[in-house]
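**Student:** Below you will find the structure I want to go over with you.
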Amino acid sequence: MTLNVKEILKIINKYSTPNAIKKLNEVEIPKGKKIGKYPGIISMYEDIGIPINPQAPPRSIRQFVELSEPIYNPKKVSEKDFEQYANKLNILLEGTLNIGNKGADNPNLEQLLKIKGIIKKLVIKYSGKDKDSPFDRIRFKSGLSQQSNIADKKKKSKDATDFKNKNQLVIPLEAMQTFYRSIFFKTNKTLLDNVISFQASIGCRLIEVLSSKVSKFEAIEGNLIRQLGVAKMKGDIVEKRVIEKPTVNIIDAVDAMPFLEAVRKETKQFENLSNDKLTSKYNQNVNNRIKIYLQNAGIPITKETSSSHTLRKLYANYTYATRKDNKYTKHQWIKEKLGHAGDTSTINYNAIEISSDPILNKDSQQIVNEVKIQSNVNTKELNEMKEAISEIKKNVNNPALISKEITFTKTEKKFQELDKAVADGATSYDALQKKGFTTYMIAKYKKTRGIKKLQPYIKKKNDK
């Protein structure tokens, strides 16, 4: 669909009045939903004839701005007409996105900056990069330049980073290993599971998994995966940035590649879609599936763990926590393995910490996080203690039944159960806890059996 200059001016005049803007700002929030739709915006689009996706109804006039491209051509449009359009468009933008005095706290700031970015690109497309061109001067004068909102954006970004880094989420190493195993080794994977599996293995972006036009991957020597091209780079793929990444240590590089192949086989049919449309096709379902994996592993759902970008954050911090080269600082590791061009983006990845430290070395925030994760285990251990006390009380008048021999027999029975569980492949605290063994019993088992790590036990001759 295309709009001609006459139609564009008619629309902009009709919808930039105070009454029209008031109607455009109406919000309808369906019961049980946090985010609503804008019936006024939808009505405007229906009036213009712009197609509407009922699954993702418009919440701004962005699509109208994109369809207004013909009015940016100075060879066919007078300065007077463009100035009329620019002034009315600024009124419409400021009125509907309502930045006002809220500044950096306003959630519409990013949307406003994106639309102003589209306007800038359209001016450059038809007038060149000359900042003194007539149409560019009109853009600045009307208020459609991004500069007026840059300070707000910088403040918003800084405040968000500061908040995250003052409220670090600490995740136990064993919880992360459970999370990764549940993803990589799930049987009968769906497309979503394969998307998540490959993202989780090397910390790439969602669109980089979905589109072969954005990124290409290959397993290379050293148990690494080479990524050719990243989402934020433009131009021919062979000229894009190359990153060599280790996979998380739960899976080898060659075993991670089939996840990607399964995804690309499915998404090949959508290769003509734009990156935005291809991402939006899968984004919400991927996010929802990730939350299920996190919850099952006992990892809290927070702002840091609520989207596909979570897998990138977890990858960066997990691989740093399990790295073999201790010469790296965390900042440099994340910057290098995620392929950041500068340092600014890397700062945002410090809000997660993967920890295997003993609890006595942890601060209060770490303890709180891990207590939440271990609450079910703690309850089970408490019940076991109550059961033991009850057994002693029942037999308090019969010393023979409380002898070391009887106590040993009960404990040894537990140890034999542990022997079998470990032999069957449960070789981590997390796996054994899921089978009903407490941390106390596992630690006692290791000490009594004389083993430092959980592995199948070989019975000695003098063992009873």
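**Student:** State which residue is nearest to Ala431 (Cα to Cα) when the search covers only the stretch 278-311 and only residues that are among the charged types (D, E, K, R) and modelled with pLDDT under 90.
**Tutor:** Across the stretch 278-311, the extreme among qualifying residues is Glu304.
**Student:** Regarding Ala104, is this residue part of a helix (DSSP H, G or I) and at pLDDT below 90?
**Tutor:** Answer is yes for this residue.
**Student:** Report every pair of residues separated by at least 6 positions or lying on different chains whose Cβ atoms are under 6 Å apart, first residue within the stretch 5-29 and among the basic types (Lys, Arg) and surrounded by 13 or more Cβ atoms within 10 Å (Cβ to Cβ), second in a helix (DSSP H, G or I) and at pLDDT below 95.
**Tutor:** Lys23/Gly40
**Student:** I'm checking my understanding of the structure. Among residues of the stretch 432-446 that are part of a helix (DSSP H, G or I) and touching a residue at least 24 places away in the same chain (Cβ under 8 Å), which one is surrounded by the fewest Cβ atoms within 10 Å (Cβ to Cβ)?
**Tutor:** Going through the qualifying residues, I end up with Tyr440.
**Student:** For the stretch 272-304, name all the residues that are within 30 Å of Pro54 (Cβ to Cβ), in contact (Cβ under 8 Å) with a residue 24 or more places away in the chain and β-branched (Val, Ile, Thr).
**Tutor:** Listed by number, the residues that qualify are Thr279, Val286, Ile290.
**Student:** A further question on this structure: Just checking, how many residues over the stretch 258-310 are polar (S, T, N, Q), under 12 Å from the mean Cα position of the chain (by Cα) and under 19 Å from Asn188 (Cα atoms)?
**Tutor:** Count: 1.
**Student:** Next question, about the same structure. Tally time: how many residues in the stretch 202-215 are touching a strand residue (DSSP E or B) at 6+ places or on another chain (Cβ under 6 Å) and surrounded by fewer than 17 Cβ atoms within 10 Å (Cβ to Cβ)?
**Tutor:** Residues meeting the conditions: 0.
**Student:** Inside the stretch 219-270, can you point out the residues that are more than 19 Å from Thr319 (Cβ to Cβ) and at pLDDT 90 or above?
**Tutor:** Leu228, Pro258, Glu261, Ala262, Val263, Arg264, Lys265, Glu266, Thr267, Lys268, Gln269, Phe270
**Student:** Any idea which residue in the stretch 52-96 is nearest to Ile138 (Cα to Cα), counting only those that are small (Gly, Ala, Ser) and not in a helix (DSSP H, G or I)?
**Tutor:** It comes out as Ser78.
**Student:** Only one of Ile41, Ile61 is in contact with a Lys or Arg (Cβ under 7 Å, 6 or more places away or on another chain), hydrophobic (A, V, I, L, M, F, W, C), in contact (Cβ under 8 Å) with a residue 40 or more places away in the chain and within 23 Å of Lys277 (Cβ to Cβ); which?
**Tutor:** Going through Ile41, Ile61 in turn, just one is in contact with a Lys or Arg (Cβ under 7 Å, 6 or more places away or on another chain), hydrophobic (A, V, I, L, M, F, W, C), in contact (Cβ under 8 Å) with a residue 40 or more places away in the chain and within 23 Å of Lys277 (Cβ to Cβ): Ile41.
The values are calculated or read from the model by the stated rules, or taken from the named source; none is laboratory data. These figures come from a predicted structure and were not determined experimentally. We place every Cβ from the backbone using ideal geometry, glycine too, and count neighbours over all the protein chains shown.
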